[in-house]
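Data first, discussion second: the structure below is written as structure tokens.
The values are calculated or read from the model by the stated rules, or taken from the named source; none is laboratory data. A quick note: this is a predicted structure, and the numbers were derived from the prediction, not measured. Here the Cβ is made from the backbone with ideal geometry for all residues, glycine too, and neighbour counts use every protein chain on show.
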Amino acid sequence: MRRLLLTAAATTAAALTLAACGTTEPAADKTDKTDKSSEAITLTDASGKKVKLDGPATKVVATEWNVTESLATLGVDPVGVADVKGYKIWGSAVPLKNEPKDIGTRGEPSMDTVASLSPDLVVATSDLPPAALKQLREIAPVLEVKSADGSDQIGRMLGNLDLIAKATGTTDKAKTVRTDFEAKLAEGKKTLADADLAGTGIAFADGYVTSNQVSLRPYTGASLIGTVNERLGLKNAWKVKGDAAYGLGTTDVEGLTDLPKDTQFVYIGNDDDKSSNPFTGVLTKNDVWKSLSFVKAGDVHRLPDGIWMFGGPGSMEAYVDAVVDALTK
């Protein structure tokens, strides 16, 4: 998690039946080949490469949690996932419905493990090193997506979902997900407006403790969370700049003094990752933290565990529900 930037089934019975028919009835075999050819899929991924599939992918490996979530959202059970345990901790808003094979870390998948699964598609992100992507392409077709885009985070998120849906034959589901997501944003915005909270300043962050040192990471207006907040009618209170891809900044406890006094401070930690909760841990004894106006006013909100801040529509819908609930209590 703290190094983010470094960072389903077997062949169907129907296909087996068709193949069996083809061995005994030449006419049926010819028809089957025509049908299979008509199902061929050609896509252009984020790298500009053409990805050719014989048909909708079913044995899919995911090398990053955001694409894992997209598959789960679309009803596709991945056969392999990077850091399964971590996903279950941080991405439980969109849980896995199967028990995929753990293929290693998100930044360094095990090529041997991926190969052992005989996938018909690997969905990877541009955060992987080029050498790793090259090795994966020697195993199976690779659909590469760009994880983030500071100029249009929501567009990137939904575009990735659509691309994965085309590869897995789930485009109808993707359309429904898009509609539901937009409805959730509209609902959340109305609820906040009705509560006279439109334009409220919000600062979302996460933080970590390493050797008793606290590191804080602001989610600026160019982050996915920041973009969602603005779609809800909230105002991003951070003055720091974020990186071009993810919209993430860096600061320390003293940097929080630059936030406006009426800021609503929001964060997500996780009880299964003790280092991720400085706001209820070491900072409670920090004089600078205790002196902040929003801390004194009780305007610090911890959202529920399991909402992946870099996830897909499912995680962002869970975030909308959580932040709206926190601010309207």
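Would the range 83-99 turn up any residue that is outside any helix (DSSP H, G or I) and of a type in the set (V, I, T)? Even if it seems obvious, please write down each step before you answer.
Initially, the range 83-99 is screened for residues outside any helix (DSSP H, G or I), giving 83, 91-99.
With the extra rule that they be of a type in the set (V, I, T), the set shrinks to 94.
So far as the range 83-99 goes, yes, one or more of its residues are outside any helix (DSSP H, G or I) and of a type in the set (V, I, T).
Out of A198, A148, A140, report the one residue that is in contact with a helix residue (DSSP H, G or I) (Cβ under 8 Å, 6 or more places away or on another chain), in a loop (DSSP other than H, G, I, E, B) and farther than 26 Å from P78 by Cβ. Show your work before the answer.
Details: A148 fails: farther than 26 Å from P78 by Cβ; A140 fails: farther than 26 Å from P78 by Cβ.
Step by step, each of A198, A148, A140 is checked, and only A198 is in contact with a helix residue (DSSP H, G or I) (Cβ under 8 Å, 6 or more places away or on another chain), in a loop (DSSP other than H, G, I, E, B) and farther than 26 Å from P78 by Cβ.
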When the range 184-216 is checked residue by residue, the ones that are crowded, with 20+ Cβ neighbours inside 10 Å and not hydrophobic (A, V, I, L, M, F, W, C) are K184, G188, D206, G207
Residue under question is D243, and the condition is that it be within 16 Å of L303 (Cβ to Cβ) and under 20 Å from the mean Cα position of the chain (by Cα); does it hold? no
I'd like the residue in the range 217-239 that is under 14 Å from G150 (Cβ atoms) and in a strand (DSSP E or B) and, out of all such residues, is farthest from the chain's Cα centre (by Cα). N236
Does the range 307-326 contain at least one residue that is touching a Phe, Trp or Tyr at 6+ places or on another chain (Cβ under 8 Å), at pLDDT below 95 and assigned by TED's automatic domain parsing to the domain that holds I202? no
Keeping to the range 291-320, report how many residues are among the acidic types (D, E) and within 20 Å of K88 (Cβ to Cβ). 2
Tell me whether the range 248-255 contains one or more residues that are crowded, with 20+ Cβ neighbours inside 10 Å, at pLDDT 95 or above and among the aliphatic types (A, V, I, L, M). yes
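Would it be correct to say that T179 is at pLDDT 95 or above, polar (S, T, N, Q) and over 23 Å from L327 (Cα atoms)?
Numbers: at pLDDT 95 or above: yes; polar (S, T, N, Q): yes; over 23 Å from L327 (Cα atoms): yes.
So T179 passes the test.
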Could you list, in sequence order, all residues of the range 109-126 that are closer than 13 Å to V67 by Cβ and either part of a helix (DSSP H, G or I) or touching a Ser or Thr at 6+ places or on another chain (Cβ under 6 Å) (or both)? P109, A124, T125
